[in-house]
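J.: Before I ask anything, let me first share the structure, which is written out below as structure tokens.
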Amino acid sequence: MSAMPAVVAINTFREAVRDRVLYNLIFFALLMIGASILVGEISVGIERLVIINLGLAAISIFGLIMAVFIGVGLVYKEIEKRTLYSLLAKPIRRGEFLVGKYGGLLLTLVVNTSLMTLGLAVALFYVGRPFLRSDASILIAVYFIVLELALVTALALFFSCFSSPVLSTLFTLGIYLTGMFAADIRDFGDLTRNPVVQGVARLLYYLVPNFHNFNAIAAAAHGETIPLTLVLHNTLYTLLYVTLVLLAASAVFSRRDLK
Amino acid sequence: MTFSSQTRPVWSAIVGVPLLFALIALLQVRIDAQTRSVAQQKQEMLLRSGTLLRKLSLGYDSLLSDIYWTRAVQYYGARVGTPQANFELLWPMLDLATTLDPKLMAAYRFGAIFLSETGNAGAGRTDLAVQLIKRGIAANPDQWRLGTDLGFLYYWRLQDYPDAAAAYLEASKNPQAPAWVKLMAARVAEKGGSFETSRAIWFQLYDSTSDPNIRRKATEQLRGLRAREDQMQLDELAKQYQKSYRRLPVSTKELLEAGLLNGIPVDPEGFPYVFGPDGKSHLDPASSFVIPPEPSLPAAPK
């Protein structure tokens with residue numbers, strides 16, 4: 001593979017920065033400052049918990065919003081602005097272009113998440129909490145959020161290859177919600193005692209991305225140890241799923257008539 | 001274009017925008033007044049199912065739990081100390097907070113206190129407090145402090161000394177539990193209801209928290225225990241005095257002069273105790289100290 005995807009990725013990242021995407025960090029900072037000051041006043045015994053829970057939830061929610069709303073416009077915007085045609089005239093394959101776009105948005109999300117994690121660390125320091133060995137689980141929870149965002153970005157990009165941004169948003173959020181409730185779908189199937197429904201529910205459970213795998217916020221807040229095998233399994237799961245979705249996106253986009 | 005015509009829109013905005021916002025705020029106050037009863041009704045209806053809320057929280061259940069716990073604290077804080085305080089929604093809120101995050105220790109430990117306090121200081125539902133702590137122990141078997149909290153509830157609120165001793169003993173089996181938990185189990189089993197044991201329990205509660213409200217409460221109870229113990233001893237001495245002098249003492253000074261006391265005992269505010277015509281000791285009316293009421297048995301479970 002050529003260096004072209006890296007060039008596209010860097011340009012996508014620059015474009016996101018130019019579009020003031022990282023301004024969400026201001027909201028995050030305000031949220032953390034507000035929580036650090038207010039929680040001690042309005043609650044009892046959970047100052048540290050709230051900072052971690054709120055910080056990780058905000059990192060996840062802000063990241064998801066960015067992944068979905070920027071992801072669905074990645075390809076569509078290039079087609080709308082007709083910049084895609086001049087790009088594809090260069091020695092770059094459509095698949096490489098997609099990988100570059102994906103990498104660029106992922107880089108933006110990683111930078112954004114890293115800065116927010118730094119903000120969370122500052123907020124924890126402000127509430128007078130010393131850093132402990134168990135805080136490694138907070139970093140693992142952040143890593144799981146990045147994995148989740150990687151998967152959501154791939155899905156958004158996939159839908160944006162053949163659909164409008166509005167529909168792509170709906171599809172991505174639909175898959176996300178289905179993925180969050182995947183275990184419930186399987187359990188409901190089991191409750192029916194009908195082998196066909198059970199089979200379909202189980203198939204759906206393994207087909208949709210199980211986003212609940214990446215939820216380690218509560219464990220991190222309580223300083224619980226997250227097993228390294230889970231980290232490894234989630235990483236492999238994301239790698240495999242993202243590869244699958246990007247291959248599908250590439251196949252769809254390669255066949256798309258851009259005239 | 002003249003200067004005034006250029007600046008007119010700016011001045012209109014400076015005056016007009018705050019005015020419009022003031023009108024909006026005024027309108028909101030009216031709307032709030034009209035919808036308050038509906039909002040209260042909605043709150044009660046939405047609060048109940050923790051399992052459903054957990055499903056709908058999309059993985060942010062621990063944050064939602066913090067929110068419900070904070071709401072419970074606010075709910076309790078807004079009612080505590082008010083006449084005819086009604087804590088009806090306290091249990092559903094604690095139930096939700098601990099269902100959403102079964103590891104939220106603050107909700108178990110403080111929540112049990114909010115539930116078990118009597119009068120206008122709490123819901124007076126020790127039965128629910130015991131249920132909450134038992135649920136906490138089931139979800140967090142590694143937390144020995146919940147076991148001592150259960151022991152405290154049995155001992156102080158229910159005066160059920162065998163169950164209190166059993167709770168302390170169970171907590172002492174945790175490898176993390178300090179040695180005093182086992183000692184407490186033995187002491188409660190042997191001398192349940194004694195001043196010595198009650199003092200030890202309140203002292204441990206004081207020592208186990210950094211929350212200023214709980215520490216103040218424990219200090220009050222410790223001071224109250226001291227005053228009760230003083231009065232009990234003075235009443236005994238008054239009986240001895242009566243045997244020797246064929247009359248009841250009228251002051252602690254008489255007990256001192258009779259050689260029954262080594263000094264004049266004072267209450268936690270520094271006032272000497274006084275005797276009533278029945279020979280029973282009391283706090284000096286000039287003293288601002290009030291002995292906290294002894295625990296009363298909880299209402300029967302609904």
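The values are calculated or read from the model by the stated rules, or taken from the named source; none is laboratory data. On a predicted model such as this, the values are computed, not experimentally measured, just so you know. For neighbour counting, all protein chains shown are included, and Cβ atoms are generated from backbone atoms with ideal geometry for every residue, glycine included.
J.: Exactly one of these conditions fails for residue A:176: (1) touching a Cys at 6+ places or on another chain (Cβ under 8 Å); (2) of a type outside the set (S, T, N, Q); (3) closer than 16 Å to residue A:64 by Cβ. Give me its number.
T.: Here residue A:176 meets the rest and fails (1).
J.: Anything in the stretch B:129-154 that is more than 18 Å from residue B:181 (Cβ to Cβ) and in contact (Cβ under 8 Å) with a residue 60 or more places away in the chain? List them, or say none.
T.: Selection gives nothing.
J.: So which of B:218, B:238, B:227, B:300 is aliphatic (A, V, I, L, M), at pLDDT 85 or above and under 22 Å from the mean Cα position of the chain (by Cα)?
T.: Among B:218, B:238, B:227, B:300, only B:227 is aliphatic (A, V, I, L, M), at pLDDT 85 or above and under 22 Å from the mean Cα position of the chain (by Cα).
J.: While we're looking at this one, here's another question. Does residue B:184 fit the bill of being surrounded by 24 or more Cβ atoms within 10 Å (Cβ to Cβ) and away from chain A (no Cβ under 14 Å)?
T.: Criteria met by residue B:184.
J.: State the number of residues belonging to the stretch B:99-124 that are buried (at least 24 other Cβ atoms within 10 Å of the Cβ), touching a Phe, Trp or Tyr at 6+ places or on another chain (Cβ under 9 Å) and not hydrophobic (A, V, I, L, M, F, W, C).
T.: The total comes to 3.
J.: Would you kindly identify the helices (runs of 4 or more DSSP H) lying entirely within the stretch A:170-227 that contain at least 2 residues that are of a type in the set (Ser, Thr, Tyr)?
T.: Helices (runs of 4 or more DSSP H) meeting the threshold: A:195-207.
J.: In the stretch B:86-97, what count of residues is obtained for those that are assigned to a helix (DSSP H, G or I) and either under 17 Å from the mean Cα position of the chain (by Cα) or surrounded by fewer than 24 Cβ atoms within 10 Å (Cβ to Cβ) (or both)?
T.: 6
J.: I'm trying to understand the selection: among the residues of the stretch B:230-283, which are buried (at least 16 other Cβ atoms within 10 Å of the Cβ), free of Cβ contacts under 8 Å to residues at least 40 places away in the same chain and in a loop (DSSP other than H, G, I, E, B)?
T.: Within the stretch B:230-283, B:248, B:249, B:260, B:261, B:265 qualify.
J.: Got at least one residue in the stretch B:33-47 being among the hydrophobic types (A, V, I, L, M, F, W, C) and modelled with pLDDT of 70 or more?
T.: Checked against the condition, which is being among the hydrophobic types (A, V, I, L, M, F, W, C) and modelled with pLDDT of 70 or more, the stretch B:33-47 yields at least one hit.
J.: Among the residues of the stretch B:160-181, are any more than 14 Å from chain A (Cβ to nearest Cβ) and either closer than 23 Å to residue A:43 by Cα or touching a strand residue (DSSP E or B) at 6+ places or on another chain (Cβ under 6 Å) (or both)?
T.: The answer is no; no qualifying residue exists.
J.: Got a number for residues in the stretch B:121-136 being over 12 Å from the mean Cα position of the chain (by Cα) and either polar (S, T, N, Q) or under 16 Å from residue A:222 (Cα atoms) (or both)?
T.: Residues in the stretch B:121-136 being over 12 Å from the mean Cα position of the chain (by Cα) and either polar (S, T, N, Q) or under 16 Å from residue A:222 (Cα atoms) (or both): 2 in total.
J.: While we're on this one: What residue, of A:9, A:16, A:57, is within 29 Å of residue B:114 (Cβ to Cβ) and small (Gly, Ala, Ser)?
T.: Only one candidate qualifies: A:57.
J.: Would you be able to tell me the number of residues in the stretch B:49-85 that are part of a loop (DSSP other than H, G, I, E, B), at the interface with chain A (Cβ under 8 Å from one of its Cβ atoms) and hydrophobic (A, V, I, L, M, F, W, C)?
T.: 1
J.: Another one. In the set A:79, A:33, A:46, which member is over 18 Å from residue A:119 (Cβ atoms) and more than 14 Å from chain B (Cβ to nearest Cβ)?
T.: Exactly one of A:79, A:33, A:46 is over 18 Å from residue A:119 (Cβ atoms) and more than 14 Å from chain B (Cβ to nearest Cβ), namely A:79.
J.: For the stretch A:81-101, give me each residue that is among the β-branched types (Val, Ile, Thr) and not in a loop (DSSP other than H, G, I, E, B).
T.: A:83, A:99
J.: Going by the conditions given, is residue A:71 surrounded by 22 or more Cβ atoms within 10 Å (Cβ to Cβ) and within 14 Å of chain B (Cβ to nearest Cβ)?
T.: So residue A:71 does not fit the description; no.
J.: Just need a number here: residues in the stretch B:62-85 that are more than 12 Å from residue A:43 (Cβ to Cβ) and buried (at least 24 other Cβ atoms within 10 Å of the Cβ).
T.: Of the residues in the stretch B:62-85, 2 are more than 12 Å from residue A:43 (Cβ to Cβ) and buried (at least 24 other Cβ atoms within 10 Å of the Cβ).
J.: Any idea how many residues of the stretch A:180-236 are away from chain B (no Cβ under 14 Å), of a type outside the set (A, V, I, L, M) and free of Cβ contacts under 8 Å to residues at least 60 places away in the same chain?
T.: The qualifying residues number 14.
J.: Now, a different point. Considering every residue within the stretch A:177-188, establish whether at least one is within 23 Å of residue A:106 (Cβ to Cβ) and aromatic (Phe, Trp, Tyr).
T.: no
J.: Can I ask one more? Filter the stretch B:130-181 for residues that are small (Gly, Ala, Ser), surrounded by fewer than 17 Cβ atoms within 10 Å (Cβ to Cβ) and under 17 Å from residue B:208 (Cα atoms) and give the result.
T.: Of everything in the stretch B:130-181, just one residue is small (Gly, Ala, Ser), surrounded by fewer than 17 Cβ atoms within 10 Å (Cβ to Cβ) and under 17 Å from residue B:208 (Cα atoms), namely B:179.
J.: Search the stretch B:108-121 for residues being small (Gly, Ala, Ser) and out of contact with any Asp or Glu (no Cβ under 8 Å at 6 or more places or on another chain), and hand back the single one that is nearest to the other protein chains (Cβ to nearest Cβ).
T.: Once the filter is applied, the top-ranked residue is B:111.
J.: In addition: I'd like the full set of residues that are assigned to a helix (DSSP H, G or I), surrounded by fewer than 16 Cβ atoms within 10 Å (Cβ to Cβ) and without any contact (Cβ under 8 Å) to a residue 24 or more places away in the chain, limited to the stretch B:208-229.
T.: Correct list: B:212, B:213, B:215, B:216, B:219.
J.: Step by step: first the residues of the stretch A:139-154, then only those that are over 10 Å from the mean Cα position of the chain (by Cα) and not small (Gly, Ala, Ser), then the one that is surrounded by the fewest Cβ atoms within 10 Å (Cβ to Cβ). Which residue is that?
T.: Filtering first and then ranking leaves A:139.
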